[in-house]
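Visitor: Before anything else, here's the structure in question.
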Amino acid sequence: MGNITITHPHLMDPEWENRLSGDKQHPRFETSPLNAVDEIIWQLNNHPPNTITILALGPLTNIAMVIEKDPGVLKKAKKIVSMGGAIFAPGNVSPLAEFNFYADPHAASVVIKATKGGAVPLVLVPLDITHTSYLFQDFVVARLGSVNEPLAEMFLNMLRDGFKFTAELDGLDAVALHDPLAAAIALGLVHPEMNKLAVHVECESTLTYGACVVDRRFNPPPPLTDKDPHVNVCLTFPEPEKFQAKLLDAIFPPKPVP
């Protein structure tokens, strides 16, 4: 969030800390008394099967804990869309690993193994596709630099840390649309090319910790061959530049011309 609560406190609800702590309910959402794991289990058990899509935008720790606590409950989900991993692309926290999988590779491995055999569809949105969709700083400033609204001010300042990080990592004045793209795919707003792959996550090695391993040989022999290539991996999607424009249009709808 770019430390927006510290750098721009005038943009925040004066009681935002109290509202989020549960002492006072926020008018736009209700705080659950359950922890994340029990809340996921409750939601899946109290809704019809195949109606809930789990959108995982961080490490898969909570989903793995759901599997350990109630092994069969995930079968009630429609699908899991996980932003994480790097298949053929370089990593962003190590040469081979993406942040979410690096943060908890054991959880990623648990989830991938638990979804084998069609128990629940698993859609992986890795760096391979999110690093083809950038929100460039000059584009954002051109669109929002003259918008005299608190939301535009907050949005621009939230992105400054992201612009700095990407400039240092990739030499681009931009932010990669990791989570927004995963959300758009979960909502069916973006239709990427998917490949069914057998994905393994390295949990032990010092150099490759958190890396995704896919056997790319033409006819790989056992035992490395996984006979269940069940992970739907998003690799490319058409016209990524249109996605960034749609994203800004959704946040800041164009004002009608008088």
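The values are calculated or read from the model by the stated rules, or taken from the named source; none is laboratory data. Because the structure is predicted, anything quoted here is derived from the model rather than measured. The accessibility values were calculated without ligands, DNA or RNA, using every heavy atom of the protein model including side chains. Shrake-Rupley method; radii C 1.70, N 1.55, O 1.52, S 1.80 Å.
Visitor: Using the Karplus equation 6.51 cos²θ - 1.76 cosθ + 1.60 (θ = phi - 60°), what ³J(HN,Hα) coupling, rounded to whole Hz, does each residue of the range 128-136 give in order, writing x for Gly and Pro?
Guide: Per residue, the Karplus-derived 3J(HN,Hα) values read 3, 9, 5, 7, 9, 10, 10, 9, 7 Hz.
Visitor: Also, I was wondering about something else. List every residue whose amide H lies under 5 Å from the amide H of SER94, counting only residues 5 or more places away in sequence or on a different chain, with H placed 1.01 Å from N in the peptide plane.
Guide: When sequence neighbours closer than 5 places are left aside, there are no close amide H contacts.
Visitor: Hey, what angle do you get for helix 240-251 against the long axis of the chain, alpha-carbon based, 0 to 90 degrees rounded to 10?
Guide: Long axis of 240-251 versus the principal axis of the chain: about 50 degrees.
Visitor: Compute the distribution of all C-alpha to C-alpha distances in the range 138-187, in bins of 5 Å from 0, and list the percent of pairs in each, rounded to whole numbers.
Guide: Bins of 5 Å from zero give 4, 19, 22, 22, 21, 11, 1 percent of pairs.
Visitor: While we're here: Apply the a/c threshold of 1.5 to the C-alpha gyration tensor of the range 20-121 and tell me whether it is rounded, prolate or oblate. Don't skip to the answer; put the middle values down first.
Guide: Numbers: a/c = 2.22, a/b = 1.32, b/c = 1.68.
Here the range 20-121 falls in the oblate category.
Visitor: Carbon-plus-sulfur fraction of the accessible area of the chain, 1.4 Å probe, in percent? Walk me through the numbers on the way to the answer.
Guide: Numbers: 8620 of 14820 Å².
About 58 percent, which is the carbon plus sulfur part of the accessible surface.
Visitor: Let me know the whole percent of all Cα-Cα pairs from the range 95-146 that are separated by more than 19 Å. Mind dumping the intermediate values first?
Guide: Values: 689 of 1326 pairs.
Tail fraction, whole percent: 52.
Visitor: Related question: For the chain, what does the helix formula give at 222 nm: sum of -39500 (n - 2.57) over DSSP H segments with n ≥ 4, over the residue count, nearest 500 deg cm²/dmol? Please list the in-between numbers first.
Guide: Numbers: 11 runs with 99 residues, N = 258.
The per-residue figure over the chain is -11000 deg cm²/dmol.
Visitor: Next question. Taking the solvent-accessible surface of protein heavy atoms with a 1.4 Å probe, what is the per residue accessible area of the range 91-205 in Å²? Don't skip to the end; give the middle numbers.
Guide: Working: 5460 Å² over 115 residues.
On a per-residue basis, the range 91-205 sits at 47 Å².
Visitor: While we're on this one: Just to be sure I understand: if I project the alpha-carbon convex hull of the chain onto a plane and average over all orientations, what area do I get in nm²? The partial results should precede the final answer.
Guide: Working: hull surface 68.5 nm².
Average of the hull's projected areas for the chain equals 17.1 nm².
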